[in-house]
Amino acid sequence: MKKLVLFTLALALSAGVMAQQARIKTTKSMQNIAIEKLAAIDETSNLQTIVNPYVHSRIVPTEAEIGGTVYDLQSNGSSPSNRIELFSDGTIGTTWTRGTGPTTYADRGTGYNYFNGADWGPAPTNRVEVARSGWPAYTACGPEGEAFVSHISGTAGLTFVKRATKGTGAWTETVIAAPSGASGLLWPRMVASGPDNNILHVFALTAPVANGGTVYNGQDGAVVYARSTDAGATWSTPEVLDGMGADYYVAFGGDSYSLSAKGDNVAFLLTDNWTDLFAYKSNDNGENWEKVLIWEHPIPMWNNTPSIDTIYCPDGAGHATFDTDNKMHVVFGVNRGLFEDGDTAPSWFPFVDGLAYWNESMDTWTGGDQANVLNPDALYEEGALVGYMIDINNNGSLDWVGTDIANIGLYYVSPSSLAQIVIDEQNQVFVVFTSITEGYDNGSQQYRHLWVRTSPDGGTTWGDFIHLSEDIIHILDECVFPSAATLTDDNIHVIYQADSEPGLAVRGDEDAPGENIYYYMQISKDVVIGVNEGGVKVKEMVVSQNYPNPSNGATSIDVTLAGNSSVSVEVYTITGQKVADNSYGNFTEGTHRIDLNSANLKSGIYFYTVKAGEKSVTGKMTIL
């Protein structure tokens, strides 16, 4: 009979407030690792065909599985905004790229699900469009309807799909044709504006030569804008906005931009690595556009010529939105770029980490040391770095299974990136992003998890970080590609893709294709933001990573409570066998330390779950 190993736990008050929000900086040697950044792709390059099924055993109350996909490339750059819509009546519509048959994915197209106010529909089993498609952008359309736009290939226009009543009825399809001289359009973004959502805005990229297209107006990849004032019945001819043509930029990459709208305001943000960082905003539903330069690239009209030094630059992923005063707020990942003799593409630095914040009340990054002004260290010092990897166990180091490129999934963005920014009617700012997360790995690669950071005062001050995917069901999940609804109620509404394998099957790692789960997540604003005398209250309970980890004989866990609660700890082996279940009575508000004596445990990986009332947090520890 196996012997049940019990823990001896002693409680002690820790002094002061826990410091578990420390920024992790990778070593200088890691920051100097560079690899070639591949161009954006539309089709899969992976040749493996074995599908590994992935199924969750349970759902947490604030989440719901809404569908799945084997085709896992939701974006080449910016997290795919415009894929979830919260309607004013509390219903929700969602879309994502869905495909199940590697490697050609003949069924690829838009996965769709709808929340009717009480229940989600069944997971979709087919695409919505007639033809094979991808990259949907979804929005309200007209007073009661919904619509999305997707692309087919580099030699076709965009597929526009709509219906008059959201959640029910037949879809109708039309085509938004490419402008004369362009072979096709790819990677669209679409939003609606105006009081009845009748004005639709679409930005897309003319298909580059590498994607089956042609040079258009002197650019091998031009961003064009099309507008409809009648809920998609007719469209203007896609055109290049003033200040974005060949006189200003050589070309743009796919998926390196995002789009958002609120009221009559529309914001288009471009975060390409090798151009200026800029936005176009309209306060009159697209009648007029103003270009807003945020960061000026140090090499104007860069055209793949070698650069002498590295340049700190946007990582290609960002998002913008408006507050109640019509002021634009922006978040974007930062990285380094380098182009050397003999390279066919710029190099990317996978361990340079940071998520930057800017709004229209701040100075622009122009006219100075443009090659270094976006250095994450400099941004951190000036308070403009709002996202980064967290030192969860607060030991001052980066504790991963390894520090090579092979130890992370490749998305060609910063370790903390793919952000969405949401601002509510009280001008509270919420930034949801994905970050490589200490303590979560599959033994060979670190997982990316979802995090949120909030500002209660319109971006002036920022609270702590909240780990959104720390529940036990996501311990072995890669959580990426969040898309957030612009509208809020008492909650922030997000969808994202979860996968048991870090990285992608159709780009970057080119892992074996496997089932990816699409989740809807409801984030309570009351939980993630609120002010007390200790600063910003961000969570009802916070549990630290045990320290030291790995341990041999003794380790500790800090538990911080927002109020009095009974506390217990359960410990499991990696196979799910419970080896401890201990209750400790009532804890008061504040921080408490639990010391664990693990001397009798065999070497291996264990999971511990700390419960306080109805709340629970699970962590992973290694015993040597």
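The values are calculated or read from the model by the stated rules, or taken from the named source; none is laboratory data. In this text, all values refer to a predicted model and were calculated from it rather than measured experimentally. Positions of Cβ are backbone-derived with ideal geometry, glycine not excepted, and every protein chain shown enters the neighbour counts. Just the protein is used for accessible areas: all its heavy atoms, side chains included, with ligands, DNA and RNA removed. Shrake-Rupley method; radii C 1.70, N 1.55, O 1.52, S 1.80 Å.
Brief remarks on what is shown
- Highest-first arrangement of 506-512, 170-176, where packing means the average Cβ count within 10 Å: 506-512, 170-176
- Surface share of carbon and sulfur [accessible, 1.4 angstrom probe, percent] for the chain: 49
- Around Gly439: net Lys/Arg minus Asp/Glu count, Cβ-Cβ under 10 Å: -3
- In this Cβ point-charge picture (+1 for Lys and Arg, -1 for Asp and Glu), the stretch 362-431 has a dipole of about 220 debye about its Cα centre.
- For the stretch 110-166, applying the loop criterion from DSSP together with a ceiling of 14 other beta carbons within 10 Å to the chymotrypsin sites (Phe, Trp or Tyr not before Pro) yields no site.
- Selection among Ala147, Met389, Val334 by position relative to the dipole of the chain gives Met389 as farthest towards the positive end (Cβ unit charges, Cα centre).
- For the stretch 480-624, the Cβ-based charge dipole about the Cα centre amounts to some 420 debye (Lys, Arg positive; Asp, Glu negative; other atoms uncharged).
- For the chain: rounded, prolate or oblate by the Cα gyration tensor [a/c cutoff 1.5]: prolate
- Estimated purely from DSSP H runs of n ≥ 4, each contributing -39500 (n - 2.57), the mean residue ellipticity at 222 nm for the chain is -500 deg cm²/dmol once divided by its residues.
- Relative contact order (%) - criterion: Cα under 8 Å, at least six apart; region: the chain: 15
- Solvent-accessible area per residue, Å², over the chain with all protein chains present [probe radius 1.4 Å]: 37
- Taken as Cα centroids, the stretch 215-229 and the stretch 537-599 sit 55 Å apart, rounded to the nearest whole angstrom.
- Leading residue at positive end of dipole, the stretch 397-550 (Cβ point charges), from Asn427, Ala406, Pro502: Asn427
- Among Cys479, Ile176, Tyr138 the positive-end extreme of the charge dipole of the chain (Cβ point charges): Cys479
- Charge dipole magnitude, Cβ of K and R +1, D and E -1 - the chain, Cα centre, debye nearest 20: 1500
- Shape call, the stretch 58-210: gyration tensor on alpha carbons, a/c limit 1.5: oblate
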